[in-house]
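The values are calculated or read from the model by the stated rules, or taken from the named source; none is laboratory data. Bear in mind that the values here come from a model prediction, so they are computed numbers and not experimental data. In this analysis, Cβ positions are derived from the backbone assuming ideal geometry, glycine residues included, and neighbour counts consider all displayed protein chains. With ligands, DNA and RNA removed, areas are computed over all heavy atoms of the protein, side chains included. Shrake-Rupley method; radii C 1.70, N 1.55, O 1.52, S 1.80 Å.
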Amino acid sequence: MVTIAKRVGLAVALPLVLFVGWYVFSAGSTNFYAPPLSKILTAFGDTWQTERLKADVLPSLLRLFAGYLLAALIGIGLGVAIGLNRRLRATMEPVLEFFRAIPPPVLVPVIMLFAGIGNGMKVTVIVFGCIWPILLNTVEGVRAVDSVVLDTARSYGVNGPARLTHVVLPSASPQIAAGLRQALSIAIILMVISEMFAASNGLGFTIVQFQRSFAIPEMWSGIILLGLLGFMLSLLFRLAERRVLRWYEGLRAAQRAG
Amino acid sequence: MTTARPANPVRSGNPALLGVAGLAGLLLVIELAPRIGLVDERFLPPASTILGALVDEASDAAFWTALSDTMVAWAIGLAIAVVAGVLAGLVIGSVPVLRALTASTVEFLRPIPSVALIPLAVLMYGTDLGSTLLLVCYASFWQVLVQVLYGVADVDPVAFETAKSFRFSAWARIRYVLWPTALPYVFTGIRLAASVALVLAITAELVIGSPGLGKEIAVAQSSDAVPTMYALVVVTGILGVLINLLARTGERRLLAWHQSVRGEVPV
């Protein structure tokens, strides 16, 4: 009990100090650009109500999830194919490295040409941006599958789809998860940027709108909301990851102890 | 039967040759797809047209100014982030209380998308170098910090206690025990931060309009100079590849003494 309380205390202490510090020090702020935190909090409550959540946050999240899911499906699918075939891998590697090296936000203007400025464009941008870390990590993970395990499976007659789902994918999953995690932060960034470029709704659009109309406390509240969103998504991801990869964590812990 | 025949490099799968073939194939697809009408030429010009635009750009002084603007923002931002990240990481990592106190805050601040700071950067610095730097530093700082924290946590407690019982000063303990252990992690952090810094530098220029390649892309896009836009996108991709290569080679050179590099068979 004591240790739990201590751990919670340690985790909460600094954020609390920072929060209170911000609150107290900004209370008398007359700086137009750095309004008192109390004002920002009021703006937060006033701004992000059900209607706005439905009109701006929900579309953003839907685009994010659609793009992310598509990228995950395509990335893992292609990654497994490329990872299993040595010659294909050697052929594709430089091309993939090049695409990965392109900063994803520059794809926004390019994809705008093809897909206009609708939802399709935003989802495409997200897919194109986050597919590379997933794809490359899957390739690496599939490549690293223990060849002894593969041969054993083969000699037991485990072939085709069974080999894929029972041998290759589980063995590559820690790497795939690492790729998915990198892709998540890229997806959020691209969601915001594609909305800043051209949109009529969405979080990125609204925050820039606030900034342009000098609604500073509202703008700050938007930044805080984005922060909370990023934090919550990465928390969700970690929970899911821990669940799916529990066997792997256990394996690692056992190896460390041994 | 046993005489070795010179292997056909393509048949046996020489990776370098296959890689070149892959790149050539990509260029061919981009050249042919618009020419045979698979995609609209206004949206995707043939590879030769893009290449032509690239040559045009290279002969233009404005392009080189933009390139150097981007690289300056990248270098300064990365340097600040690395110094701050390493210092903060060493201090936080070697004091257990600090580590426990800051863990939740680091976890909270890290996933905040750096682009959320764009409106703030615009208000504070306008369209200057400052707003690019703010984004670059924020995003790459966390990459370095988290890696340094992992590195410090990896220090062998026995070695550390030994150094302590030999009365190594705090400085000597950091210099001779902590630092060598943490170094590979530091380099990984720098490598990750180097790519993130480039992405954020170009993003800031693209969205905010501070001078650099990103701004040039935005300008090309709004003035319908499609081949130029593609040419610039290609340049950013090449920059990214170069920075990656540079970081990897630098890492290998500087860590030549370390197990992780020594153990690798040179390919």
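Farthest toward the positive end of the dipole of the protein assembly as shown, out of A:Leu96, B:Ala73, A:Thr124, is the Cα of A:Leu96, where the dipole comes from beta carbon charges about the Cα centre. Please work out the C-alpha center-to-center distance from the range A:83-133 to the range A:7-29 and express it in whole Å. Using only Cα atoms to place each centre, the spacing works out to 41 Å.
For the range B:1-160, the Cβ-based charge dipole about the Cα centre amounts to some 540 debye (Lys, Arg positive; Asp, Glu negative; other atoms uncharged).
The charge dipole of chain B, taken about its Cα centre with unit charges on the Cβ atoms of Lys, Arg (+1), Asp and Glu (-1) only, comes to about 1240 debye.
Which residue fluctuates most in the GNM of chain A (Cα springs below 10 Å): A:Pro59, A:Pro109, A:Pro161? Fluctuation is largest for A:Pro161. Cut-off 10 angstrom, C-alpha nodes, Gaussian network model of chain B. Which of B:Leu87, B:Leu109, B:Leu198 fluctuates the most? The residue with the greatest mean-square fluctuation here is B:Leu109.
Within the set of other residues whose C-beta is less than 11 Å from the C-beta of B:Leu129, count the net charge using Lys and Arg as +1 and Asp and Glu as -1.
Details: positive: none; negative: B:Asp69, B:Asp128, B:Glu205.
Taking every other residue near B:Leu129 into account, the sum is -3.
Within the range B:100-209, the trypsin sites (Lys or Arg not before Pro) that combine a DSSP coil assignment with at most 10 other C-beta atoms in a 10 angstrom radius are B:Arg167. Surface exposure of the range B:164-267, expressed per residue as accessible area with a 1.4 Å probe, stands at 51 Å².
The calculated 222 nm mean residue ellipticity attributable to helices in the protein assembly as shown amounts to -26000 deg cm²/dmol, summing -39500 (n - 2.57) over DSSP H runs of n ≥ 4 and dividing by all residues. Membrane-span-like helices of chain B, defined as complete DSSP H segments with a Cα extent of 18 Å or more along the helix axis and a mean Kyte hydropathy of at least 1.0, are identified as B:15-35, B:61-94, B:96-109, B:129-153, B:179-208, B:226-254.
Just the accessible area per residue of the range A:69-135, please: how many Å² with a 1.4 Å probe? Spell out each step's value before the answer.
Numbers: 2590 Å² over 67 residues.
Per-residue accessible area for the range A:69-135 comes out at 39 Å².
The residues of the range A:161-209 listed by number as losing at least 30 Å² of accessible area in the complex, against the isolated chain and with a 1.4 Å probe, are A:Ile189, A:Ile193, A:Met196, A:Phe197. Accessible surface of the range A:109-258, 1.4 Å probe: 62 percent of it comes from carbon and sulfur atoms. Hey, what angle do you get for helix A:203-212 against the long axis of chain A, alpha-carbon based, 0 to 90 degrees rounded to 10? Tilt relative to chain A: about 30 degrees. With the simple spin-label model, which puts each label point 7 Å out from Cα in the Cβ direction, the B:Ile80 to A:Phe237 separation comes to 2.6 nm.
Given a 1.4 Å probe, how much area per residue of the range B:26-143 is accessible, in Å²? Could you put the intermediate results ahead of the total?
Numbers: 5560 Å² over 118 residues.
Accessible area per residue: 47 Å².
Residues of the range B:178-204 buried by at least 20 Å² of accessible area upon assembly of all protein chains, compared with the chain on its own (1.4 Å probe): B:Val199, B:Ile202, B:Thr203. Here's the picture: charge each Lys and Arg Cβ at +1 and each Asp and Glu Cβ at -1 in the range A:112-258, and of A:Gly141, A:Phe214, A:Ser185 the one pushed furthest to the positive end of that dipole is A:Gly141. Between the listed residues B:Asn14, A:Leu245, B:Thr236, the Cα displaced farthest toward the positive end of the dipole of the protein assembly as shown, a dipole computed from Cβ unit charges relative to the Cα centre, is found at A:Leu245.
Can you bin the range B:28-166 into rounded, prolate or oblate? Criterion: square roots of the alpha carbon gyration tensor eigenvalues sorted a ≥ b ≥ c, rounded for a/c under 1.5, prolate for a/b above b/c, oblate for the rest. All intermediate terms of the calculation are to be shown ahead of the outcome.
Details: a/c = 2.78, a/b = 2.29, b/c = 1.22.
Prolate, since a/c reaches 1.5 and a/b exceeds b/c.
In the range A:57-97, burial by the other protein chains removes 50 Å² or more of 1.4 Å probe accessible surface, compared with the chain on its own, from A:Arg87, A:Ala90, A:Thr91, A:Val95. For the chain pair A and B, buried accessible area totals roughly 4100 Å², probe 1.4 Å, rounded to the nearest 100. The dipole here belongs to chain A: it is taken about the Cα centre, uses +1 on the Cβ of Lys and Arg and -1 on the Cβ of Asp and Glu, and is about 620 debye.
Of B:Asp224, B:Asp154, which has the most accessible area and how do the rest follow, probe 1.4 Å?
B:Asp224, B:Asp154
Against the main long axis of the alpha-carbon atoms of chain A, helix A:216-244 sits at an angle near 30°.
When a 1.4 Å probe is rolled over the protein heavy atoms, the share of accessible surface on chain B that falls to carbon and sulfur comes to 68 percent.
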